[in-house]
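A short reminder: the numbers here are calculations on the coordinates, not readings from a lab. Since this is a predicted model, take the numbers as computed values, not measurements. When we count neighbours, we look across all protein chains shown, and the Cβ atoms used for this are built from the backbone with ideal geometry, even at glycine.
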Amino acid sequence: AATELGHYRHYMQKEIFEQPKAVADTMQHLGNSFDPAAFGAEAENIFRSINKVQIIACGTSFNAGSIAKYWIEEFANLECAVDIASEYRYRKIPANKDTLVISISQSGETADTMASIKYAIELGMVNTLAICNVPESSLIRLSKLKVLTQAGPEIGVASTKAFTTQLVVLLYLAFTLAKVRGELANEAELIEQIRRLPHMVVEALSVEDEIKQIAKEFEYKHNALFLGRHTMAPVAMEGALKLKEISYIHAESYAAGELKHGPLALIDKDMPVIVAMPHNLLADKVKSNVQEVLARQGQVYLFTDKEDELSKQCYRTIVIQAKGIPPYLAPIIYTIPMQLLAYHTAIAKGTDVDKPRNLAKSVTVE
Ligand code: G6P
């Protein structure tokens, strides 16, 4: 059955390695074009009528939403706000009825997320879309539009395959919004690129042995700083969240451009700094941030797609093997080694990977 461990030691490990299939199943569920009908019968009209997107979620699902903001603004040319549900629900919200209100939730039962969507509906913002992994959940029943991630049951408290499948749905959503709104020229080319995603996930998983070595070093760390720019900033957030959740190492994430505004003060030879840096448009900006860390003897763990002059100066470089990753797929791919780092660090420390202390899989009370 889907909930059996098989030859895996932990559910989290099983769920990390199920990602190629979970991602492929979710892509198949969405179809081989950017079809608004995949989001519900009324989706096309709603997508055409809106002038804003508001994403609401908690935890890992919030991190997925934070990545989606970049996609929706870039591809669909639509304003996109992202809020933590526990903040949204208690704030005065100017009611813009032409907002698409998106909730993201693995369980569909998170109390704050549910309350936020009810609040938005009370304010007259009735165009709601739920992205959820559990059919018949409270959130699915509440929302006008819905898409189910095809991750299968997720048991490990630290979310992995739910996150990457949420990203798949959100990427299709960004392209679908773009298409409906006349902003998309190259649908066939994009579909062709995305088709290779499950294989890229397989390739990204192949860094596991290297990550195991690095995890042995992290066993003795008390702090870690994760950095990235653009969509890699929320990938850094998710990397830090995974590490703290299951290995109990204090981990922080920062948009790399904020380094000078505080975290640089923490850098010394004992501070591991994990940097997600695909060679894209902003790579030079990230490189100068890495130089700032190196100049203060920080231990840089560089996650990148090829070796270069900079990588030689870093303490460790982890080259993601997936070839030809389009920039918009990089956040999905770069998440994988972050998950493996958290998992193997937790193994090295002997913590309860699937049931970390004090945490619950689903937070159904406030
Ligand atoms: C809890 C879980 C996290 C999850 C968050 C949001 O904190 O431990 O893994 O990301 O809730 O849950 P949801 O089901 O709404 O995605």
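Ranked by the mean number of other Cβ atoms within 10 Å of their residues, highest first, the peptides 34-42, 99-107, 345-353 fall in the order 99-107, 345-353, 34-42.
With an a/c value of 1.5 or above and a/b not larger than b/c for the gyration tensor axes a ≥ b ≥ c computed over the alpha-carbon atoms, region 230-307 is described as oblate. Rounded to whole numbers, the Karplus 3J(HN,Hα) couplings from phi for region 11-17 are 5, 4, 5, 4, 6, 4, 7 Hz, using 6.51 cos²θ - 1.76 cosθ + 1.60 with θ = phi - 60°, and x at Gly and Pro.
Taking amide H as placed 1.01 Å from N in the peptide plane, Lys52 has its amide H under 5 Å from the amide H of Leu100, each at least 5 places away in sequence or on another chain. In this label model, Asn96 and Lys306 are separated by 4.0 nm, measuring between points 7 Å along each Cα→Cβ vector.
In percent, rounded to a whole number, the relative contact order of the chain is 20, using alpha-carbon pairs under 8 Å and six or more apart.
Distance from the alpha carbon centroid of region 119-153 to that of region 1-48 works out to 15 angstrom. Subtracting the Cα-Cα distance of His199 and Arg316 from their residue separation scaled by 0.36 nm leaves 39.6 nm.
Seen against the Cα atoms of the chain and their longest principal axis, helix 161-180 is set at about 50 degrees.
Using θ = phi - 60° in the Karplus curve 6.51 cos²θ - 1.76 cosθ + 1.60, the 3J(HN,Hα) couplings for region 22-32 round to 4, 5, 4, 5, 5, 4, 5, 4, 7, x, 9 Hz; x is entered for Gly and Pro. Under 5 Å between amide hydrogens, built in the peptide plane, is the criterion, and for Ile318 it picks out Leu302, Phe303, Thr304 among residues at least 5 positions away or on other chains. Computed from backbone phi with θ = phi - 60° and the Karplus coefficients 6.51, -1.76 and 1.60, the 3J(HN,Hα) list for region 57-74 is 6, 10, x, 4, 5, 5, 5, 4, x, 5, 6, 4, 3, 4, 5, 5, 5, 6 Hz; x is used for glycine and proline.
Rounded, prolate or oblate, given the Cα gyration tensor of region 129-185, with a/c below 1.5 counting as rounded? Here region 129-185 falls in the oblate category. Comparing Val169, Val180, Val275 in a Gaussian network model of the chain (Cα springs below 10 Å), the most mobile by mean-square fluctuation is Val180. Peptides 225-233, 151-159 ranked from most to least packed by the mean count of surrounding Cβ atoms within 10 Å: 225-233, 151-159. Charge tally for Asp98 (other residues, Cβ to Cβ under 11 Å; Lys, Arg +1; Asp, Glu -1): +2. Spin-label model, Asp284/Lys349: points 7 Å from Cα along the beta carbon direction are separated by 3.9 nm. Taking each residue as 0.36 nm, the span from Asn223 to Lys260 lengthens on full extension beyond its C-alpha to C-alpha distance by 11.5 nm.
Put in order of Cβ neighbour count within 10 Å, fewest first, the listed residues Leu167, Leu145 become Leu145, Leu167.
Ranked for footprinting exposure by Cβ neighbours inside 10 Å, fewest first, Thr317, Thr149 give Thr317, Thr149. Axis angle, to the nearest 10 degrees, between helix 330-349 and the longest C-alpha principal axis of the chain: 50 degrees. Between helix 111-122 and the chain, what is the angle of the helix's C-alpha long axis to the longest principal axis, kept within 0 to 90° and rounded to the nearest 10? So the inclination is approximately 40 degrees. The order of Tyr220, Tyr70, going from fewest to most other C-beta atoms within 10 Å of their C-beta, is Tyr220, Tyr70. Amide H contacts of Leu129: Val101, Ile102, Ser103, Leu145, each under 5 Å away and 5 or more positions distant or on a separate chain (H built 1.01 Å from N in the peptide plane; Pro and chain starts excluded). Once you order the gyration tensor axes a ≥ b ≥ c over the Cα atoms, which shape class does region 48-178 get: rounded for a/c under 1.5, otherwise prolate or oblate by comparing a/b with b/c? It comes out oblate by the Cα gyration axes.
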